[in-house]
Amino acid sequence: MPDSDAPGRRGRGSRAGITLSTIVAAARDVQPEDFTMQAVADRLGVDRKALHHHVTDRDGLLRLVAAANFEQNFLDVDLNVLDWRVAVRQYAMAVRAGMIAIGRLIDYYQFDPAPDHPSFAAVEMVLQRLLDAGLDDDDAGRTLILLTTSAMASARDVIIETTDHVHPQSPEVRRALLDVPDGAYSALRRLVDAQPVRDHGAQFAFDLDILIGGVEQRRSAGARERKPRPRPRGD
């Protein structure tokens, strides 16, 4: 019997008229707590089996949704600037924004790009700015990794507090301080009392200031090492 779609019947397989892009777009509109392959199929008006022509299973589709959420925010970054400090700051903020956009699907995010993935252009631009600033290949690469991991860590804290309404470390620290003698850990107590709710944006801006300052020192030290020493004058 030929594989055709009868009138009033949901489309199946390649004849359903859907693509991977349309599947991911529909899946992005489904809330994580309601996410099933059937829910995505219902949104598209096709048989659930039609999805399997493009994506293997629910986890695979969630990984594609997480990647799409990240890319929509990250790929908008403009790194076509000459100042390396501006470039690395904008890159890090774009990574953070992209990760925050993933939200509760953050555990599904995997960076598994094709050779022509558009994010490579942004990474290449940042590396070139660092190299043009005087860093060698090793220091430029390590700076890129530090920027990326710092941005991802900050984003994860934001997602945790957005999901759970409080970072798990905050109440634990306060609870622990109740069991120590008065006057102990006075500096930590002042910090906890002064910042009952963490300002993650301000913290990340501070992190970037420190990071950029450290790279600047590394860059300056490298320039001094590369500067030729004057030869002693003869008698």
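The values are calculated or read from the model by the stated rules, or taken from the named source; none is laboratory data. What you see is a predicted model; the values in this text were computed from it and never measured. We place every Cβ from the backbone using ideal geometry, glycine too, and count neighbours over all the protein chains shown. Only protein heavy atoms, including side chains, enter the accessible area calculation; ligands, DNA and RNA are left aside. Shrake-Rupley method; radii C 1.70, N 1.55, O 1.52, S 1.80 Å.
So which chymotrypsin sites (Phe, Trp or Tyr not before Pro) in segment 94-129 are both in a DSSP loop and have at most 14 other Cβ atoms within 10 Å of their Cβ?
Here the sparse-neighbourhood loop sites are Phe111.
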How high is the FRET efficiency from Arg48 to Ala68, r the C-beta distance, R0 30 Å, rounded to 0.05?
0.90
Could you tell me the calculated FRET efficiency between Asp209 and Phe120, based on Cβ-Cβ distance and R0 = 25 angstrom, to the nearest 0.05?
0.35
What distance in nm separates the two pseudo spin-label positions at Leu131 and Gln110, each 7 Å out from Cα along the beta-carbon direction?
3.0 nm
Whole-Hz ³J(HN,Hα) from phi, Karplus 6.51 cos²θ - 1.76 cosθ + 1.60, for segment 61-78, glycine and proline x:
5, 4, 5, 5, 5, 4, 5, 5, 4, 5, 5, 4, 8, 5, 6, 7, 5, 9
1.4 Å probe accessible area per residue over segment 52-114, in Å²:
52 Å²
In segment 84-190, if the dipole is taken from +1 on Lys/Arg beta carbons and -1 on Asp/Glu beta carbons about the Cα centre, which of Val158, Tyr109, Ala133 is farthest to the positive end?
Val158
